[in-house]
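Notes for the one structure printed next.
The values are calculated or read from the model by the stated rules, or taken from the named source; none is laboratory data. Small disclaimer: the values here were computed from a predicted structure and weren't measured. When we count neighbours, we look across all protein chains shown, and the Cβ atoms used for this are built from the backbone with ideal geometry, even at glycine. Please note that ligands, DNA and RNA were not included when accessible areas were found on the heavy atoms of the full protein model with its side chains. Shrake-Rupley method; radii C 1.70, N 1.55, O 1.52, S 1.80 Å.
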Amino acid sequence: SVSRSIFKSRLCESYDIDAFTGERRSYLVADLDVLCSADDDEYRGLDRYFWAFFVLWPVLVPLAFLALLLWIRNDVRAQRVGPVALACRFLWRDYDPAGGFLFWEVIDLVRKLFLASLVLFLDPEHGSSNMQRLFFATLISGFYLVVLAFARPFKRSEDLYFAGTANFFLMCCFASGVVIQLCESAAYDDDMCHTLVGFESARNASEFVVALTATMLALALIVVLFKTISAARAPTIRLASSGCHPVLELPPECHFHGFISHAWGTGQDSTHTVVRQLQLLLPGVRIWL
């Protein structure tokens, strides 16, 4: 990702220089000729570029998305989509604005930035050789999964299932990384690996992680296939000309797609039933009673 490329200029690895004195030096992983030190001219130059691009991408982009959503929030909640709201539909079209989840894309973007790049701020010199980053990544993924299950920010249940499944698989990957890190650490021998996580060696742990990853991919494909078949069989209203769902975004001067006239005293229950059935066949439609 772009953020990951930016953070490569801060990703350093520490090496033993003198085994007797315990002296260590850190070098840039992307270029081992660069010493990660304020005394190194090349590293100081990279550091200036890093902070400039850090402000431009991981900081300003989420803030720009947040500003756009604040600007269009009233129009989106009223389903009066203007030119600006239409241009940035990718930020809000999958979420339920009536439930207060219009800004969920910004929250998810911050989570992705942390897992993909900001986590590298944790122990820059020794972070790649210990479990601190994996621990926090697993913690954030687990917390987000719980919030996702309770908040249910998506309009469609299929999107919620996909997001929950993907985040669960991601958490499993981080937990598997913790297992591998435990078994590959020089501080533990094979017996300790078996004592802590139940594997005979780091090789066995790696084989288990590979098998687990393949299983998760297979399960993900099965879930996608099942949801695709279910969506194709679900009764919905589609355009005869294209076979696609109709676009339900309203112009600014309109508030509803239709009106059902009825006698208040005798037809209220019947019309409510009609509207509910219509909303099942045409999700997002707004009918005035």
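Looking at LEU239, LEU248, can you tell me which residue is in contact with a His (Cβ under 8 Å, 6 or more places away or on another chain) and loosely packed, with under 11 Cβ neighbours inside 10 Å?
None of the others qualify; the one that does is LEU239.
Can you spot a residue in region 109-121 that is open to solvent by 60 Å² or more (accessible area, probe 1.4 Å), aromatic (Phe, Trp, Tyr), closer than 23 Å to PHE54 by Cβ and at pLDDT below 90?
Scanning region 109-121 turns up at least one residue that is open to solvent by 60 Å² or more (accessible area, probe 1.4 Å), aromatic (Phe, Trp, Tyr), closer than 23 Å to PHE54 by Cβ and at pLDDT below 90.
Any residue at all in region 5-20 that is of a type in the set (Lys, Arg), modelled with pLDDT of 85 or more and either open to solvent by less than 70 Å² (accessible area, probe 1.4 Å) or assigned to a helix (DSSP H, G or I) (or both)?
From region 5-20, those of a type in the set (Lys, Arg) are 8, 10; that's our starting set.
Filter once more, so that each one left must be modelled with pLDDT of 85 or more: none.
For region 5-20, residues of a type in the set (Lys, Arg), modelled with pLDDT of 85 or more and either open to solvent by less than 70 Å² (accessible area, probe 1.4 Å) or assigned to a helix (DSSP H, G or I) (or both): absent.
Hey, can you tell me all the residues within region 66-84 that are open to solvent by 50 Å² or more (accessible area, probe 1.4 Å), assigned to a helix (DSSP H, G or I) and either under 19 Å from ALA116 (Cα atoms) or of a type outside the set (S, T, N, Q) (or both)?
LEU66, ALA67, LEU68, LEU70, TRP71, ARG73, ASP75, ARG77, PRO83, VAL84
Every residue in region 233-289 that is more than 19 Å from VAL76 (Cα to Cα) and either in contact with an Asp or Glu (Cβ under 6 Å, 6 or more places away or on another chain) or of a type in the set (D, E, K, R) (or both), please.
Residues satisfying the conditions are ARG233, ARG238, ASP269, ARG276.
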